[in-house]
Amino acid sequence: RCEEEDVEMSEDAYAVLTRIGLETSLRYAMQLIGTEVGVEDIKRVYSLFLDESRSTQYMREYQEAFLFNELR
């Protein structure tokens with residue numbers, strides 16, 4: 001994907017992105033790629049955007065705070 005988008009990525013960033021792809025999904029990991037990517041870039045984006053698993057976990061942890069909880 002980096003080659004197609006003409007993106008420069010450090011080896012460390014590539015390793016972090018690979019780990020994220022293995023733990024979440026390839027589609028999610030590919031969305032984290034920008035124009036020039038370093039480890040700090042990937043960590044920042046990872047903290048801002050949730051993959052399906054982390055989103056589901058967040059909903060479970062905070063379900064009491066959401067409006068749909070009142071419908072029970």
Exposed-loop cut sites defined as chymotrypsin sites (Phe, Trp or Tyr not before Pro) in DSSP loop states with at most 16 other Cβ within 10 angstrom; longest site-free run of the chain spans 1-48
Given SER25, SER10, GLY38, which one lies farthest toward the positive end of the charge dipole of the stretch 2-68, if we put +1 on the Cβ of every Lys and Arg and -1 on the Cβ of every Asp and Glu? SER25
Of all accessible surface on the chain at a 1.4 Å probe, what whole percent is carbon and sulfur? 50
Once you charge only the Cβ atoms, +1 for Lys and Arg and -1 for Asp and Glu, what is the size of the charge dipole of the chain about its Cα centre, to the nearest 20 debye? 500
Among (i) 1.13; (ii) 1.45; (iii) 1.40, the entry that matches Cα Rg over 2.2 N^0.38 Å as calculated here: (iii)
Please work out the average accessible area per residue across the stretch 2-68, using the 1.4 Å probe convention, and give it in Å². 81
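The values are calculated or read from the model by the stated rules, or taken from the named source; none is laboratory data. Computed from a prediction, not measured in an experiment: that's the story for all the values here. Reconstructed Cβ throughout: ideal geometry from the backbone, glycine too, with neighbour counts over all protein chains shown. Surface accessibility is based on the protein's heavy atoms, side chains included, excluding ligands, DNA and RNA. Shrake-Rupley method; radii C 1.70, N 1.55, O 1.52, S 1.80 Å.
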